[in-house]
1. Say we look at the stretch 1-20 and pick out the residues that are free of Cβ contacts under 8 Å to residues at least 60 places away in the same chain and not in a helix (DSSP H, G or I); which of these is nearest to residue 89 (Cα to Cα)?
2. Please indicate, with yes or no, whether at least one residue in the stretch 88-97 is in contact with a Pro (Cβ under 7 Å, 6 or more places away or on another chain) and surrounded by 20 or more Cβ atoms within 10 Å (Cβ to Cβ).
3. Collect the residues in the stretch 44-67 that are free of Cβ contacts under 8 Å to residues at least 40 places away in the same chain and either part of a loop (DSSP other than H, G, I, E, B) or touching an Asp or Glu at 6+ places or on another chain (Cβ under 9 Å) (or both), keeping them in residue-number order.
4. Which of the residues belonging to the stretch 75-85 are buried (at least 17 other Cβ atoms within 10 Å of the Cβ) and not in a strand (DSSP E or B)?
5. Would you be able to say whether some residue in the stretch 123-143 is touching a Lys or Arg at 6+ places or on another chain (Cβ under 6 Å), crowded, with 18+ Cβ neighbours inside 10 Å, in a strand (DSSP E or B) and modelled with pLDDT under 85?
6. Can you report the number of residues in the stretch 146-180 which are surrounded by 16 or more Cβ atoms within 10 Å (Cβ to Cβ) and outside any loop (DSSP other than H, G, I, E, B)?
7. If I filter the stretch 21-34 for residues that are within 23 Å of residue 134 (Cβ to Cβ), among the charged types (D, E, K, R), assigned to a strand (DSSP E or B) and touching a strand residue (DSSP E or B) at 6+ places or on another chain (Cβ under 9 Å), do I get at least one hit?
8. Out of all the residues in the stretch 61-74, is one or more farther than 18 Å from residue 108 by Cα, buried (at least 19 other Cβ atoms within 10 Å of the Cβ) and over 18 Å from the mean Cα position of the chain (by Cα)?
Amino acid sequence: MYKILIVEDDVTIAGILNENLRKWGFESDYVTDFSNVTAKFVEFNPHLVLMDISLPFYNGYYWCSEIRKSSKVPIVFISSNNTNMDIVMAINMGGDDFITKPFSLDIVVAKVQAILRRTYSYIGETKVLEHGGALLNLSEAALYYKENKIELTKNEFKILEVLLENKGNVVSRDMIMKKLWDSDSFIDDNTLTVNMNRLRKKLESYELMDYITTKKGLGYIINDH
């Protein structure tokens, strides 16, 4: 599920956007402490930001430039300040699109969907498995997290694929081993442990901490971040 962060001073507009995005299947939230927008950005870890220009303390241009210091996540400006200079400034500061107030909710959703599709799907209708802000691209056998592309070995990809396909459920070691080696014949149990440990270390090096949890005697589960 894609996560959208709304940075909007008008509580009514923020609430309407939040409710509408959730109806369309997005996970969304909005900023309430405008003195530290980046703290909320880091905590929520969104796939896209809807950013007003006129905000308390610092304007949207400032927060866009702050986010750009650490992330390439798409930022869409929403503002009644709609002169050519405002639009040029928004794009120059790192914005990906500009929506003028008053706006149509359908237009907002359409633009959000289009930008997310361009940013995260990569190849047309490529199938992607997502959890905790990480996206597993099945055609590339690669994992995307924040602005990073994480290259995976064949076994690491298969482990993540079976775990993400069954997220919310414990996946037995036997099921994972059959996925890895496509065989009912005996495989050294320690081989799976070695592969799992390598995958965990790789994920942790990209700040995906405790992404996979061991259920002793049962198997593994994708952690509910």
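The values are calculated or read from the model by the stated rules, or taken from the named source; none is laboratory data. Because the structure is a prediction, the values reported are computed rather than measured. For neighbour counting, all protein chains shown are included, and Cβ atoms are generated from backbone atoms with ideal geometry for every residue, glycine included.
1. Top of the filtered list is 7.
2. No, that holds for no residue.
3. Result: 53, 57, 58, 59.
4. 81 - this is the single residue of the stretch 75-85 that is buried (at least 17 other Cβ atoms within 10 Å of the Cβ) and not in a strand (DSSP E or B).
5. yes
6. 17
7. yes
8. Initial filter on the stretch 61-74 (farther than 18 Å from residue 108 by Cα): 61-72.
This time we only want the ones that are buried (at least 19 other Cβ atoms within 10 Å of the Cβ), so: 61, 63-64, 67.
From the residues that got through so far, the ones that are over 18 Å from the mean Cα position of the chain (by Cα) too are 61, 63.
Scanning the stretch 61-74, I find at least one residue that is farther than 18 Å from residue 108 by Cα, buried (at least 19 other Cβ atoms within 10 Å of the Cβ) and over 18 Å from the mean Cα position of the chain (by Cα), so the answer is yes.
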